[in-house]
Amino acid sequence: MMVIMQPGASRQQVEEVIAAIEARGLSAHVIEGVGQSVIGAVGETHAIPTDVLAVLEGVENVTRISQPYKLASRTFHPSDSVFPLDGFTIGGREIPIIAGPCSVESRDQLLDTARAIREAGANALRGGAYKPRTSPYAFQGLGEEGLAIMAEARELTGMPVVAEVMSIAQVEVAVKYVDVLQVGARNMQNFPLLRAVGETRTPVLLKRGISASIEELLMASEYILAGGNPRVMLCERGIRTFETATRNTTDINAIPVLKSLSHLPVLLDPSHATGHWEYVGAVARAAVAAGADGLLIEVHNDPAHALSDGPQSLTPQRFAALVGQLRAVAEAVGRQLAPLPVPVAAVAWDGHA
Ligand code: PEP
Ligand code: MN
């Protein structure tokens, strides 16, 4: 970290900056220029906010040289984080596909969709039971009943299940039912929630906030990692820009940028990124080509009657066709789609044939 003093800053002001740096366990190195001094702070600077120095008398500017996050950074952990999730790994050569409806609406809807995506080649099932809706009058999700249906779908299909949590109380309930806790875009900077999922040992799928920078996403992941939960997946889901032709703007750049800054697996959600099922396939293929470690895709057994996000949901048939294309793209870039957890024929369908 470099502290640039104002021209003509007094010796006493320089000494106060040095004292503030040393008080935080760092060492200070002064470079005396012509009429202006620069002080380098060396040590664990990620733990020091720049403003505690910027506020001192005589300071012109404080610049970070190293990143403000540590546990999420590739400098701290040079190799890719690879971790297992029931039947496949994420973060390595394999690319898992997590698919399913936006919301769990009923047992039939979820089990039908789960069976169809399983046969089409999905590795994990997504489905929201606690839904973050813009309108308080819109369908809010089935709550714990929805989580129980997700757990039933896991038993029937062998696929691990992913569901969103929006509050600390919901984390306590959801860990009993799901394999992965999703923190949605709207809660990316809900710091008490990040701490709560960091206290669990359940993997976390952390979505990028609607207007969050890549650095803010990594700082959010740092909360979870600092809590002692190392299994965090980052998910680009489109950001808000001036463009209105699509629901959000896919930041494909985020994939290689996150992969270079961090060792954590990086997923892409082409459904929320585009908002229209017609564009989901193109963006999903682009994401795999760009190095994504996984995809999160909304699929509904009857999109026309979905209670949330129907316009961006693929039918199971369209999803199956897309999986075939993704397999080819993965192979073209030296990767492969994650293998299915158990042979389809071995799955018992509880009458949902
Ligand atoms: C979702 O996955 O259904 C969802 C609400 O996503 P996001 O938080 O990215 O909007
Ligand atoms: Mn959705």
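The values are calculated or read from the model by the stated rules, or taken from the named source; none is laboratory data. Remember, it's a predicted structure, so these values are computed and weren't measured experimentally. Quick reminder, even Gly has a Cβ in these numbers, built from the backbone with ideal geometry, and neighbours come from all protein chains shown. Accessible surface areas use protein heavy atoms only, side chains included; no ligands, DNA or RNA. Shrake-Rupley method; radii C 1.70, N 1.55, O 1.52, S 1.80 Å.
Numbers for the structure displayed
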{"item": "Restricting segment 125-143 to residues that are more than 17 Å from Thr113 (Cβ to Cβ) and open to solvent by less than 50 Å² (accessible area, probe 1.4 Å), the residue that is nearest to ligand 2 (Cβ to nearest atom)", "result": "Pro132"}
{"item": "Any hit, segment 56-78, residues being among the acidic types (Asp, Glu) and either under 17 Å from Val17 (Cβ atoms) or open to solvent by less than 10 Å² (accessible area, probe 1.4 Å) (or both)", "result": "yes"}
{"item": "Among the candidates Gly291, Gly281, Gly275, residue that is open to solvent by less than 30 Å² (accessible area, probe 1.4 Å), touching a Lys or Arg at 6+ places or on another chain (Cβ under 7 Å) and away from ligand 2 (no atom under 16 Å from the Cβ)", "result": "Gly291"}
{"item": "Search result, residues across segment 144-157 that are touching a helix residue (DSSP H, G or I) at 6+ places or on another chain (Cβ under 8 Å) and open to solvent by 10 Å² or more (accessible area, probe 1.4 Å)", "result": "Glu144, Ile149, Glu152, Leu156"}
{"item": "Test: Thr315 is open to solvent by 10 Å² or more (accessible area, probe 1.4 Å), polar (S, T, N, Q) and away from ligand 2 (no atom under 15 Å from the Cβ)", "result": "yes"}
{"item": "Check on Arg247, among the charged types (D, E, K, R), more than 16 Å from ligand 2 (Cβ to nearest atom), within 19 Å of Leu295 (Cα to Cα) and assigned by TED's automatic domain parsing to the domain that holds Pro160", "result": "no"}
{"item": "Filter pass, Leu258 being outside any helix (DSSP H, G or I), in the same structural domain as Arg115 (by TED's automatic domain parsing) and either open to solvent by 10 Å² or more (accessible area, probe 1.4 Å) or closer than 21 Å to Arg231 by Cβ (or both)", "result": "no"}
{"item": "Selection from segment 99-124 of residues that are open to solvent by less than 10 Å² (accessible area, probe 1.4 Å), within 14 Å of ligand 2 (Cβ to nearest atom) and not in a helix (DSSP H, G or I)", "result": "Ala99, Gly100, Pro101, Cys102, Ser103, Val104"}
{"item": "Residues satisfying the stated conditions in segment 235-255, i.e. open to solvent by less than 40 Å² (accessible area, probe 1.4 Å) and either in a helix (DSSP H, G or I) or among the acidic types (Asp, Glu) (or both)", "result": "Glu236, Asp251, Ala254, Ile255"}
{"item": "Long-range neighbours under 8 Å by Cβ, at least six apart or interchain, first residue touching a residue at least 60 places away in the same chain (Cβ under 8 Å) within segment 185-213, second open to solvent by 50 Å² or more (accessible area, probe 1.4 Å) and not in a helix (DSSP H, G or I)", "result": "Pro203/Arg231"}
